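Nothing in this text is a laboratory measurement; each read-out follows from the coordinates by a stated rule. From a predicted model like this one, the values you see are computed outputs, not experimental measurements. Positions of Cβ are generated from backbone atoms using ideal geometry, with glycine treated the same way; all protein chains shown enter the neighbour counts.
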Amino acid sequence: MITELEQKELKMIFQGRYSEDVLRILKNKSILNRNGEHHNAQYVRMIFQGIRQNLDIEAAIWQAAKNRKQKLALHKLHKQKILNEKS
C-alpha cells in the first residue's frame, strides 16, 4: 500500500499526471484485471490513493516514478549543459 507520505513525494515527481504512464507499463507487461481486460485510469488512481490494493499496479506506479525521475534528471542536465555553453 502506498502511504500518505509516499503519495506526497510521488505527486511531486509526477507533477499531476501519472496514470497514462502506469497504464502503458501494465500493458507492456500484459498485466490484466480479473476479467482479462486492461486496467483503467480510475482503478490506478484508487491504488495510488490507497483505497484499493494491487501489488502489480503498485509496482507499475513505482516503475513509472523511477522512469519520470530519470527523465526529469536528464532534462535538468540537458538544460544545465545548454546554459553552461559558451557562445
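Quick notes on this structure:
- Inter-part distance where the stretch 1-29 and the stretch 42-60 are each reduced to a Cα centre, Å: 9
- Nearest-ten-degree value, helix 4-14 long axis tilted from longest Cα axis of the chain: 50
- Tail beyond 14 Å, pair distance distribution of the stretch 1-41 (Cα, percent): 57
- Helical mean residue ellipticity (222 nm; -39500 (n - 2.57) per DSSP H run of 4+; nearest 500) of the chain: -22000 deg cm²/dmol
- Rounded to the nearest 10 degrees, the angle from helix 55-84 to the longest Cα principal axis of the chain is 10 degrees.
- Listed pairs LYS27/LYS66; LYS29/LYS66; LYS11/LYS76; LYS8/LYS66; LYS11/LYS81 exceeding 20 Å between Cα atoms: LYS11/LYS81
- Quick note on the stretch 1-79: its Rg to Rh ratio, both from C-alpha atoms and Rh being the Kirkwood radius, is 1.00.
- Neighbours of ALA41, meaning other residues whose beta-carbon lies under 15 angstrom from its beta-carbon, give a summed charge of +2 when Lys and Arg score +1 and Asp and Glu score -1.
- Ranked by the mean number of other Cβ atoms within 10 Å per residue, highest first, peptides 66-79, 44-57 order as 44-57, 66-79.
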